[in-house]
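Data first, discussion second: the structure below is written as structure tokens.
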Amino acid sequence: MIRLGLIGYGKAGSAVAQVLRGDPRFELCWVARRTACSEGQTLDQSEVPLIGLEDINFPNWLDTHPVDALVDFSVPESLMEYGEELKDRRMMLVSAISAYTEAQLNYARSLGEYTRILCSPNITLGINFLIMAAKLLRSIAPFADVEILEQHFKEKPEVSGTAKKIAESLYLGADKITSLRLGGIVGHHEVIFGFPYQTVRLTHDSIKREAFGTGAAFALGELALCSNGFYTFEDLLMKKLREQLAVH
Ligand SMILES: NC(=O)c1ccc[n+]([C@@H]2O[C@H](COP(=O)([O-])OP(=O)(O)OC[C@H]3O[C@@H](n4cnc5c(N)ncnc54)[C@H](OP(=O)(O)O)[C@@H]3O)[C@@H](O)[C@H]2O)c1
């Protein structure tokens with residue numbers, strides 16, 4: 001069983017904690033947030049300790065509460081706060097942080113020399129699979145017209161970062177993204193391939209934040225089988241795909 005420490009217990013982290021706690025491959029040993037917690041505080045209806053990094057000495061905490069991997073759903077800066085501990089203790093890292101600077105990403109890459117590191121600005125299994133499938137179809141049919149449609153709740157002001165990432169992966173300009181803002185849609189992404197005599201639509205709908213947990217669990221399971229290094233979600237999916245192709 002892989003022992004885990006989760007950093008970040010906000011909107012995403014609390015949903016991820018639920019998924020990790022329910023997965024028999026993992027033992028969620030503790031969860032850390034930034035602000036102080038009362039002594040002995042635990043996650044709702046569990047014995048999993050909830051700690052505040054502001055008021056503890058993290059290396060001392062790790063001495064008494066060792067884990068095999070950290071899962072990060074906090075802020076970009078925290079990588080620099082625990083990075084040396086990853087290195088010294090050879091802990092794996094699955095980081096979902098979406099907004100690392102280039103310097104922070106370079107630091108994460110350098111940690112791959114000592115342990116297994118995964119950074120993924122989009123950690124849902126579904127979106128990563130959609131991107132992989134869209135890239136494959138684009139390479140098979142470069143003559144097809146391709147457009148991206150994204151739909152989100154009315155209040156979301158900006159173009160979806162995921163839609164931009166899909167466009168980038170397919171070498172499409174931002175003008176190929178159409179955004180619709182309607183009611184309470186959580187997140188819909190669609191890549192439409194227009195052939196002369198047929199249309200192919202690859203779609204993904206987000207239902208709940210727990211999907212981030214499913215992606216983190218997949219990444220942890222795969223990363224545990226890898227050697228030291230820096231990986232993207234696409235690397236792990238491609239490895240899986242190659243294994244499947246070798247079997248059939
Ligand atoms: N890759 C993906 O697909 C994906 C999906 C969702 C979210 N994310 C990323 O996950 C992160 C969290 O998103 P969110 O919506 O859950 O944000 P949020 O609700 O604001 O939660 C942030 C959490 O991080 C904690 N935190 C802040 N600074 C910290 C520090 N220095 N050390 C440890 N913990 C710290 C906060 O502690 P307090 O509770 O004490 O304030 C809080 O628990 C963001 O970076 C976001 O980009 C990625």
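None of the figures in this text is laboratory data; all of them are computed from the coordinates on show. From a predicted model like this one, the values you see are computed outputs, not experimental measurements. We place every Cβ from the backbone using ideal geometry, glycine too, and count neighbours over all the protein chains shown.
Here the simple spin-label model places points 7 Å from the Cα toward Cβ, and for ALA103 and GLU158 these points are separated by 2.1 nm. Taking amide H atoms as placed 1.01 Å from N in the peptide plane, the amide H of ALA32 lies under 5 Å from those of LEU6, ILE7, GLY8, ILE51, each 5 or more residues away in sequence or on another chain.
Looking at this model, which pairs from LYS165/LYS208; LYS156/LYS239; LYS156/LYS240; LYS87/LYS208; LYS87/LYS239; LYS208/LYS240 are more than 30 angstrom apart at the alpha-carbon? Listed pairs above 30 Å: LYS156/LYS239; LYS156/LYS240; LYS87/LYS208.
The HN-Hα couplings worked out from phi for the stretch 9-24 by the Karplus form 6.51 cos²θ - 1.76 cosθ + 1.60 (θ = phi - 60°) are 9, x, 4, 6, x, 5, 5, 4, 4, 4, 5, 5, 5, x, 9, x Hz, whole numbers, x standing for Gly and Pro. For the pair LYS240 and GLN198, what calculated FRET efficiency results from E = 1/(1 + (r/R0)^6), where r is the Cβ-Cβ distance and R0 = 25 Å, to the nearest 0.05? For R0 = 25 Å, the calculated efficiency reads 0.35. Remark: the THR35-SER179 segment gains 48.2 nm on full extension, using 0.36 nm per residue and subtracting the alpha carbon distance.
Averaging over all projection directions, find the projected area of the Cα convex hull of the stretch 127-189 and quote it in nm² with one decimal place.
Numbers: hull surface 16.6 nm².
Seen from a random direction, the Cα hull of the stretch 127-189 projects 4.1 nm² on average.
Share of Cα-Cα pairs in the stretch 74-226 beyond 19 Å, in percent? Every Cα pair in the stretch 74-226 considered, those over 19 Å come to 61 percent. The phi-based Karplus calculation (6.51 cos²θ - 1.76 cosθ + 1.60; θ = phi - 60°) puts the 3J(HN,Hα) values of the stretch 147-162 at 9, 10, 10, 10, 10, 9, 4, 3, 7, 6, x, 8, 5, 4, x, 5 Hz, whole numbers, x for Gly and Pro.
Over the residues of the chain, the helix contribution to mean residue ellipticity at 222 nm works out to -11500 deg cm²/dmol, using -39500 (n - 2.57) for each DSSP H run of at least 4. Amide H to amide H distances under 5 Å link THR42 with LEU50, where only residues 5 or more positions off or on other chains count and H is placed in the peptide plane.
Short-range pairs are left out: with C-alpha atoms under 8 Å and at least six residues apart, the relative contact order of the chain is 20 percent.
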